[in-house]
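Take a look at the structure below.
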Amino acid sequence: MIEVSQLTKRYVGHLAVDNVSFQVEKGEIVGFLGPNGAGKSTTIRMLTCFLTPSSGTASIGGYDIEKDSIKVRRQIGYMPENVPLYPDMRVNEYLRFRAALKGMSSRSLTAGVGEAVETCSLNEVQNKMIATLSKGYRQRVGLADALVTKPDLLILDEPTNGLDPQQIRQFRELIKDLGKRHTIFLSTHILPEVEMTCGRVIIINRGKLKASDTPQNLVRRRLEGGDLVLELNGHSGKAMSAIKEIKGVSSVLEEKTEKGWTRFKITSKGTPDLSERIFDLAVERKWKIRELARHDATLEDAFVDLVKHDIAGKGAEG
Amino acid sequence: MKELRSFFLSPFAFIVMALFAFINAWLFVSTVNAMRVATLPYSLVYSVFASGWFWMGFLFIFPVITMRLFAEEKKTGTFEGLMTAPVRTSEVLIGKYSAAVTVYLAMLVPLFLFFPIFKMVTEQEGAFNNGSLWGSMIALVLVGFFNLAIGTLASAITANQLIAAMLTFVGVMLHYFFGFFMGFTTLPNSKWAAGMSYLSTVEHMQLLSQGLIDSRPFIYYLSFSVFILAITYHIIESRKWRI
Ligand SMILES: Nc1ncnc2c1ncn2[C@@H]1O[C@H](COP(=O)(O)OP(=O)(O)O)[C@@H](O)[C@H]1O
Ligand SMILES: [Mg+2]
């Protein structure tokens with residue numbers, strides 16, 4: 001559905017999107033994840049033909065975003081960041097205007113708008129002025145606009161931004177449901193959203209593609225390293241060097257907690273679980289331990305990890 | 001269509017339209033009065049349209065009509081939704097410009113009703129001739145096309161309505177005053193002066209409201225309107241390449 005190849009966008013003295021390539025298959029729900037300023041909106045604006053790439057290409061449903069811009073736009077239902085609407089129009093009127101603008105014939109207009117209103121539960125407010133609507137309703141009007149022509153692809157830029165937890169949950173359900181009929185590409189900087197709704201995550205940071213995988217795989221990949229927490233009493237210096245000698249340990253952090261107790265955070269790379277080896281070591285050396293635990297990695301860890309490495313490498317990039 | 005609706009629903013627009021109609025009505029009455037006490041050298045139509053008062057009101061309506069066209073959409077962000085809909089930029093531009101033209105024509109209607117009504121009420125045939133009325137009407141429409149194009153351009157340049165309005169006003173004024181500069185120039189009969197006066201609103205208007213219709217103003221106003229709209233088109237498109 002979406003094919004992105006070496007897409008780049010350069011603003012004055014600033015590379016907003018840097019050589020990004022990825023694909024989205026028909027029927028997928030893909031989360032486009034990255035911190036603020038990562039280049040999500042810029043990428044999306046190129047896909048929706050609002051901006052032209054500095055270099056690279058992209059196509060939607062086989063049509064090139066530059067050469068077949070109108071055909072590309074016909075397949076997309078787009079909800080821009082912050083959901084701009086015309087405040088002085090009524091909901092129904094707005095949706096009719098948008099549907100007509102997108103080329104819906106006047107015959108199918110009423111049915112189409114009615115269906116979108118139904119899907120997004122806008123029945124109660126359809127005759128209200130948009131200016132008087134709450135944030136949650138405005139967001140749904142934006143979504144209704146995006147899907148009114150029943151496009152194959154929905155592109156949503158931070159769709160749950162500014163909603164309260166209750167509204168976010170409702171919106172998520174709605175998106176999951178829509179995923180049965182549309183391919184969905186949504187951007188967000190909120191992790192739980194991706195974990196719960198998306199089949200795949202594309203992570204971008206500082207304009208560069210960092211990862212593209214299922215949330216489960218990203219977590220698993222992170223776990224292969226994994227963190228262990230060990231808390232023991234006494235001999236912290238000796239314990240430290242002993243732990244460091246274990247094969248596969250990449251770093252150890254120590255932290256004095258209470259009188260005599262020391263807490264170690266052990267990170268390993270590329271080796272499976274080290275907890276057994278640490279346990280054996282503790283028995284052998286007769287360490288008095290009160291905790292040996294594996295710290296379960298979350299998608300958040302995976303995300304922070306991917307993004308953190310980048311900040312460390314910032315100097316080299318210039 | 002959306003433009004039309006939102007324009008007529010805005011209270012500000014009503015105030016401006018009412019004011020415009022009022023100024024014109026007042027102007028009309030005072031000109032008629034003036035004609036009663038002294039014989040003016042030109043017809044009633046010409047006297048009304050040559051008055052500075054008329055022009056003051058007239059030049060103000062263009063910024064008001066056009067300032068919102070693109071500037072407001074850019075400010076609120078709806079511009080993005082508009083330009084990512086499967087519609088060509090040229091269609092958006094023509095749609096907006098036509099809406100502005102429609103509003104403008106609607107505002108002119110009351111103005112031109114004064115004259116026939118006056119004729120009917122007073123049964124005075126000599127006050128003006130139909131030629132000069134038609135001439136003035138055509139002139140106002142042509143000048144309107146041009147000034148609305150300037151306003152559309154200004155609105156596409158900025159996201160600030162006020163700046164758009166000011167740019168439009170300056171543009172419209174400059175164009176209007178070209179004619180007056182000619183009065184001061186030391187070489188009144190040079191080719192340069194002739195060229196300049198060709199560019200002036202006043203010049204064309206005076207000829208037309210005297211009932212003298214020729215093709216030059218048509219070519220002039222229509223071609224310049226198209227030219228300015230073409231520039232506007234490229235400015236709207238240039239956002240894509242924004243670096
Ligand atoms: N019109 C613009 N001109 C210059 N820089 C911009 C412009 N729009 C965005 N940027 C910059 O490009 C980077 C990416 O922005 P954006 O795509 O909006 O990020 P995101 O949507 O991921 O938060 C940011 O550093 C931002 O400051
Ligand atoms: Mg963004």
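Can you give the FRET efficiency for residue A:256 and residue A:196, using 1/(1 + (r/R0)^6), R0 = 30 Å, r = Cβ-Cβ distance, to the nearest 0.05? Computed FRET efficiency for residue A:256 and residue A:196: 0.20. Summary of packing: across the peptides A:27-37, A:151-161, the per-residue average of other C-beta atoms within 10 Å ranks them, highest first, as A:151-161, A:27-37. The distance between label points at residue B:235 and residue A:288 comes to 8.0 nm (points 7 Å beyond Cα on the Cα→Cβ vector).
Taken over region A:3-134, the ratio of Cα radius of gyration to 2.2 N^0.38 Å equals 1.23. Note on residue A:105 and residue A:70: the model spin-label points, each 7 Å out from Cα along the C-beta direction, lie 1.8 nm apart. Since only A:209, A:187, A:197 are under comparison, the one whose Cα sits farthest along the positive direction of the charge dipole of region A:179-220, derived from C-beta charges on Lys, Arg, Asp and Glu, is A:209. Of the residues in region B:73-110, those shielded by at least 20 Å² of accessible area once partner protein chains are present, compared with the chain alone at a 1.4 Å probe, are B:76, B:78, B:80, B:81, B:82, B:83, B:84, B:85, B:86, B:87, B:88.
Here the calculated FRET efficiency for residue A:217 and residue B:90, from their Cβ-Cβ distance with R0 = 51 Å, stands at 0.65, rounded to the nearest 0.05.
Highest mean packing first, where packing is the average number of other Cβ atoms within 10 Å per residue, the peptides A:278-289, A:7-18 line up as A:7-18, A:278-289.
For the pair residue A:28 and residue B:138, label points projected 7 Å from Cα toward Cβ lie 6.4 nm apart.
The mean of 1/r over all distinct Cα pairs in chain A, once inverted, gives the Kirkwood hydrodynamic radius of 22.3 Å. Under the shape rule built on the C-alpha gyration tensor, where the axes satisfy a ≥ b ≥ c, region A:5-62 is oblate, since a/c reaches at least 1.5 while a/b does not exceed b/c. Compared with the alpha-carbon gap, the fully stretched path from residue A:235 to residue A:128 is longer by 31.4 nm at 0.36 nm per residue. For residue A:118 and residue B:160, the FRET efficiency from 1/(1 + (r/R0)^6), where r spans their Cβ atoms and R0 equals 45 Å, is about 0.70.
The values are calculated or read from the model by the stated rules, or taken from the named source; none is laboratory data. Please read all numbers here as calculations on a predicted model, not as lab measurements. A quick note on method: Cβ atoms are made from the backbone with ideal geometry, for glycine too, and the neighbour counts reach across all protein chains shown. Heavy atoms of the whole protein, side chains included, go into the accessibility calculation; ligands, DNA and RNA do not. Shrake-Rupley method; radii C 1.70, N 1.55, O 1.52, S 1.80 Å.
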